Structure formats: C-alpha cells, structure tokens
There are 2 protein chains.
Amino acid sequence: MKITRTIHAEDMEDIAIGGAILGTGGGGDPYVGKLMAQQAIRKHGPVKLVDVEQLPDDALVVPVCMMGAPTVMTEKLPQGDELMHAFRQLEQLLGRKIDAVLCGEAGGINSTTPFVVAAASGLPLVDGDGMGRAYPELQMVTFTIHNVPATPMVLCDDKGNSLVLETVSNAWTERLARAATVEMGGSALLAFYPMSGATAKKAVVRGTLSLCAKLGQTLRETRAGHGDPVETIAAMLGADIIFHGRVGDIERRTVGGFARGKAHFDGVEAWKGHSLRLDFQNEFLMAERDGKVLVTTPDLITVLEAESGNPVTADSLRYGLRLMALAFPSNPQWRTPAGLALVGPRYFGYDVDYTPCTK
Amino acid sequence: MKITRTIHAEDMEDIAIGGAILGTGGGGDPYVGKLMAQQAIRKHGPVKLVDVEQLPDDALVVPVCMMGAPTVMTEKLPQGDELMHAFRQLEQLLGRKIDAVLCGEAGGINSTTPFVVAAASGLPLVDGDGMGRAYPELQMVTFTIHNVPATPMVLCDDKGNSLVLETVSNAWTERLARAATVEMGGSALLAFYPMSGATAKKAVVRGTLSLCAKLGQTLRETRAGHGDPVETIAAMLGADIIFHGRVGDIERRTVGGFARGKAHFDGVEAWKGHSLRLDFQNEFLMAERDGKVLVTTPDLITVLEAESGNPVTADSLRYGLRLMALAFPSNPQWRTPAGLALVGPRYFGYDVDYTPCTK
C-alpha cells in the first residue's frame, strides 16, 4: 500500500488545530485527542496515512471514535487502551483481521483519536473521514448515506465495561449508544461501521486528515511570517469571511445532552453597524446576518480569532472577543436529499430550508 | 435427566397465581407471561421441570427474564421470539449448547417467561430461581452472592435491536441494561448469568416453580371447597397473617423508575383499632404495625384479598379494599451479610436494620 505521508508525534499539533477548524465550534477538544495520539505514536511509532484508493476492495476498514460530552472528556482523560480494546473486540467479533483504520469525523477530538489505534496496531490510517467536519450524532456520517450499518459496534468505557450492539438502524445505534455513554459517566470509546475497501471508496470524505495537517501548518507558518492568518485559512478552504465582530450576548442551555444556544456578534471595521447571530447545538449550525439566514448546516461555519486565526469553539465564546466567521461548502454528499435528511437544518429543528452557501 | 413434573398450558394458570403471591406486590403482571407461556407450550409442547440436582456439574444453565416497567409490559406485549433470540444469541456467543433453562426470579411475570424458552427450545426448566420472590434490579439474585457474573448478557427488544454486555460487576450490568431498556421503550428480554450445573446447585433457590404451581392449585381448590383461602395459603407458606384491614391512604410517586409509595390500612375484626403501613418500591419492602417496624426485606410481605385469597399488587391497591397481609421468611441466602448487602432494608434507603420475621 502506497503511503501518502507518515505522521509523527509533532505533526499532531497541526492536525489538532486543523481538526478544530473543521470542528465548526463543536466536536470536542482536539487537545485531549492530540495528547492521546502523541503518547501512542511515541510508544509505537509513526502512523502511515494512506489514500482510500490504496485499499483493496475486499479490505476490512473500521472507524473508531470517542462519544460523549466534550467537557467530560477533558476532565476524564481516556487512555488509548480502551480504544484499542473496542477495536480488537470488534475484530474478534468479525472473525477476520482489520486492514485499515478510519476516522468517523475529522472535526474536533475525533480527528486525532484514530491515530491512537493506527499507531498501536501498526495499521494504515485512511486519509479521510465520514463527515468532513463535526456532527453530534453517530448516524450523521456519509457511511449512513451509503447504507453502511453502524453495527456490529463495540462500545467500551474506562472501567472495563463493554457493549456489543446490533441494531435495526443507525438512528437506533445512536439512541442506545448514547444511553450507555451517559450511564458510563458521559464518555465512551467506539469501533463501528465496519466496511469493505470498496464501500470506503464510495463513502469516505477524502483527504480530510491531510487537510487538517495543512490547515494547522499554514496557520502556524502564516503567524510566523507576515500574512493574515484568517485570510490565508479562508483562501485555503475556499471560504467566505461572512463577519468580523465582537461577541455580545450569548444564550446557552443544555437540552437533551446538546450544548444549545445563540451567540450575537456586533460588527467592527468593514462590518460596523451590522450584526451576526450564530445558532449552535455543539456545532455552529446556522448563521443569520442582519436578521437574514445566510448559512445553514451542512455547510460549515467556523469562527477564528481575528488576530491569530486560532479556531474558537462555541463553548469558549466570551463577551468582547474579536472574532471572524467563515462559511464554506460541505462535502457534496451532504448536499443531496439523503444527506440533508440526516443533517439538514430541519433535522436540528430549524424551520428553514437549506440554501447552499455562495461558493 | 429425571423429570420432576411436566407442565402443560393449563398448569400455567396456577403458576401465574403462585408467582403473583411470591411477587410480594411487584414483579410485573404474571398474566402477560402466562399468555406468552401458554402460547409457546401449545405450539411446541409441554415443559419438563427438573430438580437442580438432576443437572450434571458441567451442564450449561442459562436464566432468562424480562426487564422493565410492569405497566409497559402490559401495554407492549412481547413476543416469545425475542426471548428465544436472546437465549440463542447467548448460546452462540458462549460457543456451546445450553443444557437447561433457569428462572431469574420466581415472583411476578418472570415466574412464567422462562417457560416460553423451555417450551420453544425443548430444554428442561430448573425448578427454582435466583430470588425465591421478586426484586427490581438484576444484580439482586442469589447468583450474585455466589460470585456468578451477570455477563456475558444478551438484551433484545421487540424491534430487532440487541446488545451484548460485558461488565466489571453485576451492579454495572444493572445500570447499563436499565439505561438500554428505558431507551428501548421500557421493556426488554434478557439471557444472562450463564453458569455451570455445579454452580446452579449452590446458588439456586430450590423448588420455587413447583411451589408457585402448588400455591395456585391450593388457592383454586380451597375456593372450590369450604376452607379459608388466606389461612390455607398462610399455612402452606409458613406465613404469619400480620394484618386484616381496609386500604386507607395511599401515597405514590415514581422515583428513578421505581413505583415507590406507602399504603395505610385500617384494621377490621381482630385488628380493629390497629393500623398497618406498607412501604413499597415495586415490591412491598417494609411493614410497620401501629408505628413499629414488623417486617422488612428480604423477608416476604404479601397482600391477599381477604375473601378470595387472590394476590394484590402494590399497583392495584385501591381505597376501601379489604385485604390481609402475610409475612414469611426469605430464603436463608438472603439473610446472610452478603445477601443483606444486596437486598437488605438499607440498600433500599430505609434507615432500619433487618430483623428476621418471627417464623
């Protein structure tokens, strides 16, 4: 298998920053996943990143991820062992060797957790994921669009408990895994969506891990040089800068395990006199500028610090912060009727139709 | 294997009544389980009841039961198929043929559900159970006292979802299975506590299914003849009749999935001028007469209609009903320190020590 690139412990810094940019305000803290990945790479050696096209059609590919509340993960740092345990238990259940590791989501913490398993197992990691961003529920992956069942799925906790799920739909997998995760203390480790190389070639959002690495590297290099970090990142993503402003009011409430809320921004400089409102449910899902809907899920809304270009999560929005909001198109798979049924604005309870963002 | 007796569809009437008596006011509606068992026996043939001593030491014995809220079970009648599915999935997981079926609890609905699996599989059913009564949580079985792990456990719902649990303790099995059951709509079907014949001989509360049958038969025959149903049942169980009275106030609340409450009785006839209070959490767990604690869990408190001797659940207590309360000793395994740690009054939050009831 031709290796696209080799990822060393120090490369995880860039990947975590890139993961936070694609995390669109949610997806959990990549810092935790970065530490786990670095520890695993230092112990077991670097990770081989491969293009999905390199996989034989009959290869067995298995995504791994963490599930649960981002805040819990930060306080209850998981050990890489539990991810490996879930991975190996699923392998045993399937009765054959797994050939490659895959990312469920490339945004947030789960852009980094699969590196733990790739390092520990020595298996290649596919350069791609099932979202091209972050989403809060586990049926919200392009794999579901391609009718890949989430089960058999193995779910482990930090205490030594494990569950094997077989469900009638990926929505049921989400419900049962969520209930177990809550009971396990708020976070759990999963191996799920086992699929063939042939299926992975159709379903995977390609190149997202090398995109994460490149976003992080570019941000770091731009800051060291003389370019404008936000403009550089926007150009790389093909994103519109939809606003520049200061955080005003923030409304937050926790509903059904989601961190829901609305953040209001007051324009500065070119956007003086204008306003922006971002609605979030973990991730930023809708942007209204001057009272008009401008961008909705599945397109990506990302918030960066105006000076440094550092990504800012919905959780860390604070009054007075000067930020810039970017919007860019989602993977085309999300823009189909099947994709919109899974992650369109109406699924999240917003009474608006999806209108593709300008680019 | 020597068969103690053969159970036909019509025998299930008596067993269900007996199960309700041992259900001590909770344990779910045996009527539902009776219908399931009768349907299975009519389809597959009668059930062979065997004494636990008949099992070879290396036999594989598996208990099955329903989990969930009694009221939900009545509204959402399960099919026998789901129980068989859980049973067969556990068999496959264990990689060897199961030799006999076992009851988890002999009180309430689960005194009858194992007949479904015994009939459909053609396997013998052990005459005994893991409680000798009903209790609300799945670690509350004599098997736990004997360090039998509840897992691997298979949990199925009526939609086709299933879970395999591996847990670090039986208390964790309860927590995770409870969360899944709630998510599945309030009831689920389990196969769990796989154990050897040798272990079963130590752990099982013996003879409880034939006791159920005998209680039901005796009640039926006494009513047809001239004896006093309540006195006859009390004599059979070695029970004290601790009260005769009418239901007065009832306080009910639902806490953490339990139907908790207190029922007050005003004495009649020999008990005129006296009062009784029964505390329940699904089951009747404590009896106070004239303000003094008289009986607590694990000893059994059962309420019968004064005239007919029919068992009355906590759920169906209504103002003005004339009832008699019986108390009788639990299986000796529950009266040990290990037993009391699992099901003693303090586990249920009552600030009293267990004092063995008089007999």
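We did not get these values from a lab; they are worked out from the coordinates using the rules stated. Please read these numbers as outputs of a predicted model, since none were measured by experiment. Reconstructed Cβ throughout: ideal geometry from the backbone, glycine too, with neighbour counts over all protein chains shown.
Quick query: amide H of A:Ile242 versus all other amide H atoms, modeled in the peptide plane; which residues come in under 5 Å with a sequence gap of 5 or more or a different chain?
Those lying under 5 Å, H to H, from A:Ile242 are A:Ala325, A:Leu326, A:Ala327.
Tell me the net charge near A:Leu49. Cut-off is 14 Å between Cβ atoms, A:Leu49 excluded, with +1 for each Lys or Arg and -1 for each Asp or Glu.
Net local charge, A:Leu49 excluded: -1.
By count of other Cβ within 10 Å, fewest leading, how are B:Ser308, A:Ser275, B:Ser187 ordered?
Neighbour counts put them in this order, fewest first: B:Ser308, A:Ser275, B:Ser187.
Where the label is 7 Å out from Cα toward Cβ, how close does A:Glu10 come to the same position in every other copy, in nm, shortest first?
With the label placed 7 Å along Cα→Cβ, A:Glu10 yields 8.7 nm.
Put +1 on the Cβ of each Lys and Arg and -1 on the Cβ of each Asp and Glu in the protein assembly as shown; which of B:Ala191, A:Val352, A:Leu22 then has its Cα farthest toward the positive end of the dipole?
Of the options given, the answer is B:Ala191.
Fewest Cβ neighbours within 10 Å first, please rank A:His146, B:His8 accordingly.
Placing the least packed residue first, the sequence is B:His8, A:His146.
Once phi is turned into θ = phi - 60°, what whole-Hz ³J(HN,Hα) does the Karplus curve with 6.51, -1.76 and 1.60 give for every residue of segment B:114-127, x standing for Gly and Pro?
Taking θ as phi minus 60°, the curve returns x, 5, 4, 6, 4, 5, 5, 8, x, 7, x, 10, 5, 7 Hz for segment B:114-127.
What is the ratio of the Cα radius of gyration of segment A:5-208 to 2.2 N^0.38 Å, where N is its residue count, to two decimals?
Scaled against compact globular proteins, the figure is 0.89.
Take the cross-link list A:Lys34/A:Lys159; B:Lys262/B:Lys292; A:Lys159/A:Lys214; A:Lys159/A:Lys262; B:Lys34/B:Lys97 and give me the ones stretching past 25 Å between alpha-carbons.
A:Lys159/A:Lys214; A:Lys159/A:Lys262; B:Lys34/B:Lys97
Count charges around B:Leu340 for me, please; just the other residues with Cβ under 12 Å from its Cβ, Lys/Arg as +1, Asp/Glu as -1.
Numbers: positive: B:Arg335, B:Arg346; negative: B:Asp299, B:Asp353.
Around B:Leu340, the charge tally is 0.
Under unit Cβ charges (Lys, Arg +1; Asp, Glu -1), what dipole magnitude, rounded to 20 debye, does the protein assembly as shown have relative to its Cα centre? Intermediate results must be reported in sequence, preceding the final value.
On the way: 68 positive and 82 negative charges, 46 e Å.
With only Lys, Arg, Asp and Glu charged at Cβ, the dipole is about 220 debye.
Would you mind listing the distances between the A:Lys214 label point and the same position in each other copy? Use 7 Å along Cα-to-C-beta, nm, one decimal, shortest first.
8.1
Through the Karplus equation 6.51 cos²θ - 1.76 cosθ + 1.60, θ set to phi - 60°, convert the phi angles of segment A:298-303 into ³J(HN,Hα) values in whole Hz; use x for Gly and Pro.
Couplings: x, 5, 9, 10, 10, 10 Hz.
Rounding to the nearest 20 debye, state how big the charge dipole of segment A:5-208 is about its Cα centre with +1 on each Lys and Arg Cβ and -1 on each Asp and Glu Cβ.
Working: 16 positive and 23 negative charges, 34 e Å.
Magnitude of the dipole: close to 160 debye.
For segment A:208-359, what is the charge dipole size about the Cα centre, in debye to the nearest 20, if Lys and Arg each add +1 at the Cβ and Asp and Glu each add -1 at the Cβ?
Roughly 200 debye, rounded to the nearest 20.
Against the 2.2 N^0.38 Å scaling, with N counting residues, where does segment B:229-343 land? I'd like the Cα-based Rg ratio to two decimal places.
Here the answer is 1.04, to two decimals.
Name the long-range amide H neighbours of A:Leu285: under 5 Å, sequence gap of 5 or more, or other chain; modelled H, no Pro or chain starts.
A:Asp279, A:Phe280
With a 10 Å Cβ neighbour count serving as the proxy for reagent exposure, in which order, fewest first, do B:Ile242, A:Ile17 appear?
Ordered by Cβ neighbours within 10 Å, fewest first: B:Ile242, A:Ile17.
Looking at segment A:239-310, which trypsin sites (Lys or Arg not before Pro) are DSSP coil and have at most 15 other C-beta atoms within 10 Å of their C-beta?
Hits after loop and neighbour filter: A:Lys272.
Rg/Rh for the protein assembly as shown to two decimals, with Rh computed the Kirkwood way over all alpha-carbon pairs.
1.08
Hey, got the Cα dimensions of chain B along the principal axes, in Å, largest first?
Here the spans come out as 62, 44, 37 Å, largest first.
Measuring label to label, 7 Å along Cα→Cβ, what does B:Lys159 give against each other copy in nm, shortest first?
2.5
Which one, A:Gly320, B:Leu237, B:Ala263, projects farthest toward the positive side of the charge dipole computed for the protein assembly as shown from Cβ point charges (K/R +1, D/E -1)?
B:Leu237
Say we join alpha carbon atoms closer than 10 Å with springs in a Gaussian network model of chain B; which of B:Gly160, B:Gly26, B:Gly207 then has the biggest fluctuation?
B:Gly160
Could you give log10 I(q)/I(0) at q = 0.15, 0.20 Å⁻¹ for segment B:146-209, computed by the Debye formula over C-alpha point scatterers of equal weight, without solvent?
-0.53, -0.82
Identify which of B:Leu163, B:Leu125, B:Leu278 has the largest mean-square fluctuation in a Gaussian network model of chain B, with springs joining Cα atoms closer than 10 Å.
Residue with maximal mean-square fluctuation among B:Leu163, B:Leu125, B:Leu278: B:Leu163.
For segment A:255-330 and segment B:276-315, compute the distance between their C-alpha centroids and round to whole Å.
Using only Cα atoms to place each centre, the spacing works out to 60 Å.
Could you give each residue of segment B:229-241 its phi-based ³J(HN,Hα) in whole Hz, using Karplus coefficients 6.51, -1.76, 1.60 with θ = phi - 60°, and x for Gly or Pro?
x, 5, 5, 5, 5, 4, 5, 4, 8, x, 9, 8, 7
How large is the helix-only mean residue ellipticity at 222 nm for chain B, computed as the sum of -39500 (n - 2.57) over DSSP H runs with n ≥ 4, divided by its residue count, in deg cm²/dmol to the nearest 500?
When only DSSP H runs of four or more count, the value is -9500 deg cm²/dmol.
Please give the net charge around B:Lys272, taking every other residue with its beta carbon less than 11 angstrom from that of B:Lys272, where Lys and Arg add +1 and Asp and Glu add -1.
Result for the neighbourhood of B:Lys272: -1.
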